[in-house]
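No value in this document is a laboratory result; all are computed from the given coordinates. Remember, predicted model here, so these are calculated numbers, not experimental data. Counting neighbours? That spans all protein chains shown, and the Cβs are built from the backbone with ideal geometry, glycine included.
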Amino acid sequence: MTEKEILGLFEKQGALLKGHFKLSSGLHSEKYLQCAIVLQYPDIAEKLAKLLVKNFSKEKIGVVIGPALGGITLAYEVARAVGKRGLFAERHPSTGSGWRPEPAEGRQDAKMVLRRGFSISKGEKALVVEDVVTTGGSTKEVIDLVKSFGADVIGVGVIIDRSAAKIDFGAPFKSLAKINVETFEEKDCPLCKKNIPVTKPGSRR
Ligand SMILES: [Zn+2]
């Protein structure tokens, strides 16, 4: 599958919408990306996970880990593709102002930890995965977490890279597709200026 085919699949499934959107951050955009819409189909998730793993075929992966919530399904599928454990890191409520599901990316108020009896051994080779990377904040925290166990991060694999600038994770970084999602403050939004009705995706309205 090429990058174009992957983005075509996202559009076909309604995971990549074009229009005028108010994002959970409050910013406006003409594109909306929701990876979970695609990953809800196990056959597609399996296919994407296998494609992602191909980028790291020279590495001996010992464990796969992703940040909650976006990385949970993908970490599981990638782990299945390589026949290893799939873990997820999550923000511990006691380390911040409380657990909130969105937006996890870039939030610093609660620390990323391993819970539920998950552990990583010293020297274990970890592949860090995430569905979508924007700033890479959560992913970097997972990398730090893995390293805190004395384990090695052999790479970072994501389905969609929507970062504005190139991110340095200090490990090989591979994405299946790259998209540019321009965002605007409401007052500067060119779509608002054209009086195009705004929708809030993900909400029932
Ligand atoms: Zn607008």
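Points worth noting:
- Distance between modelled label sites at LYS174 and ALA36, nm, 7 Å Cα→Cβ extension: 2.8
- Using a 4.7 Å Cβ-Cβ cutoff, the cysteines of the chain lacking any partner cysteine are CYS35.
- Compactness ratio for the range 150-190: Cα radius of gyration over 2.2 N^0.38 Å (N = residue count) comes to 1.62.
- For the chain, the longest principal axis of the C-alpha atoms and the axis of helix 137-148 are separated by about 10°.
- Cα centroid separation, the range 163-185 to the range 18-65 (Å): 12
- Rounded to the nearest 20 debye, dipole of the chain from Cβ charges on Lys, Arg, Asp, Glu: 260
- For LEU69 and VAL198, a Förster radius of 35 Å and the Cβ-Cβ distance give a FRET efficiency of 0.90, rounded to the nearest 0.05.
- Measuring gaps between exposed loop sites in the chain (GluC sites (Glu not before Pro); DSSP loop; at most 16 other Cβ atoms within 10 Å), the longest gap, sites not included, is 60-181.
- Cleavage-rule hits (chymotrypsin sites (Phe, Trp or Tyr not before Pro)) in the range 16-63: DSSP loop, at most 16 neighbouring Cβ within 10 angstrom: none
- Taking 25 °C and 0.890 mPa s as conditions, the range 118-161 diffuses translationally at an estimated 230 µm²/s according to Stokes-Einstein applied to its Kirkwood radius (Cα pairs).
- Angle in degrees between helix 42-54 and the longest Cα principal axis of the chain, rounded to the nearest 10: 60
- Here is how the number arises for the chain: DSSP H runs of 4 or more residues each give -39500 (n - 2.57), the sum is divided by the residue count, and the result at 222 nm is -8000 deg cm²/dmol.
- Averaging over all projection directions, the Cα-based convex hull of the chain occupies 12.2 nm² in the image plane.
- Relative to the longest principal axis of the Cα atoms of the chain, helix 70-82 runs at roughly 40 degrees.
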